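In what follows, a single structure is set out as structure tokens and then discussed.
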Amino acid sequence: MNFAGNTAQTLEDGQVNQEVALVVRTGADHVVVQTNQSGEYRAKRAVSCLVPPVVDDLVLVAVTTRGDCYVLAVLERDDMTETELSVDGDLAIRSHQGKVTLAAKEGIGLVTANALDMVSKRLNITAFDANVFLEKLAYAGEAVRTEVGKVKVFGRTFDAVLERFSQRVQRSYRTVEQHDQLRAESIDYKADKTLCLRSD
């Protein structure tokens, strides 16, 4: 990777020289860069430089009169298979007017070792296929409405405490393998045609 010639620019107000450099080594909190004009520097990544520089990156650095060196931006990289945005500490992306959109052709992954919080006035999710795996789920709301073509539920226990329960179906089939018990203050069965009870 070649350097661009005569890249030093003196900023008179802050006495800072800007140069194009090549990253030769990386450390835990610094990188070592090689410049054509000034030699090697131990540089820190500027707060505004969200892409961490790696070895063989062509970067723009700022060198102060005291000898402090900062990587301002990554200019070129041979291997562009993945670009990482990295910061130390909390990161907030905020739009004061308008909306924020994340778009990707191959997919988007959200990974955290702690809580994932979502707060909005309206939540819309559209997907062709969805899989949800939860160890525990708690829901609190005013109403639930679903429109589905087919539902299958597999579970060990199902408990519900309701004030009113209503169903309207065309055909209903139920199979109880062991014990079926009903307790009620009053029971009203009505059949327009046939009511059949069988027992061994």
May I ask you to list the residues of the range 68-92 whose amide nitrogen lies under 19 Å from a point 7 Å from Cα along the Cα→beta-carbon direction of Asp29? 68-72, 86-91
Roughly what % antiparallel, to the nearest 5, for the DSSP beta bridges in the chain? 90 percent
Matching label, semi-axes √(5λ) of the Cα gyration tensor in Å computed from the structure shown, candidates (i) 28, 19, 16; (ii) 69, 18, 16; (iii) 26, 23, 14: (ii)
Taking the chain as a Gaussian network, where each spring joins two C-alpha atoms under 10 Å apart, which residue of Asn131, Asn17, Asn36 fluctuates the most? Asn131
Nonlocal amide H pairs with Thr26, under 5 Å, H built at 1.01 Å: Val32
So, relative contact order of the chain in percent, Cα under 8 Å, 6 or more apart, is 11 percent
Over the chain, with a Gaussian network built from C-alpha contacts below 10 Å, which listed residue (Val144, Val20, Val32) shows the highest mean-square fluctuation? Val144
Starting from the Cα of Ala191, move 7 Å in the Cα-to-Cβ direction to define the label point; list residues of the range 164-184 whose amide nitrogen is under 16 Å from there. 171-174
Carbon plus sulfur fraction of accessible area for the chain, probe 1.4 Å, in percent: 47 percent
Using the Karplus equation 6.51 cos²θ - 1.76 cosθ + 1.60 (θ = phi - 60°), what ³J(HN,Hα) coupling, rounded to whole Hz, does each residue of the range 71-86 give in order, writing x for Gly and Pro? 7, 8, 6, 8, 8, 9, 8, 5, 9, 9, 5, 8, 10, 10, 9, 9
If you take the square roots of the eigenvalues of the alpha-carbon gyration tensor of the range 58-169 and sort them as a ≥ b ≥ c, do you get rounded (a/c under 1.5), prolate (a/b over b/c) or oblate? prolate
With a Förster radius of 22 Å, plug the Cβ-Cβ distance of Val169 and Ala138 into 1/(1 + (r/R0)^6) and report the FRET value to the nearest 0.05. 0.15
To the nearest 10 square angstrom, what accessible area does Val47 show with a 1.4 Å probe? 140 Å²
Can you tell me the FRET efficiency between Gln15 and Gln97 if r is taken as the Cβ-Cβ distance and R0 is 45 Å, rounded to the nearest 0.05? 0.75
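What's the longest bit of the chain with no exposed GluC sites (Glu not before Pro), using DSSP loop states and at most 15 other Cβ atoms within 10 Å as the test?
Details: sites that count: Glu12, Glu82, Glu84, Glu106, Glu135, Glu142, Glu147, Glu163, Glu177, Glu185.
The answer is 13-81.
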Of the candidates Ala160, Ala103, Ala28, which one comes out as most mobile in a Gaussian network treatment of the chain with C-alpha springs shorter than 10 Å? Ala160
Can you give me the solvent accessible area of Leu50 with a 1.4 Å probe, rounded to the nearest 10 Å²? 70 Å²
Per residue accessible area in Å² of the chain, where ligands, DNA and RNA are left out and the probe is 1.4 Å: 101 Å²
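The values are calculated or read from the model by the stated rules, or taken from the named source; none is laboratory data. Nothing here was measured: the structure is a model prediction, and the numbers come from that model. Reconstructed Cβ throughout: ideal geometry from the backbone, glycine too, with neighbour counts over all protein chains shown. The accessibility values were calculated without ligands, DNA or RNA, using every heavy atom of the protein model including side chains. Shrake-Rupley method; radii C 1.70, N 1.55, O 1.52, S 1.80 Å.
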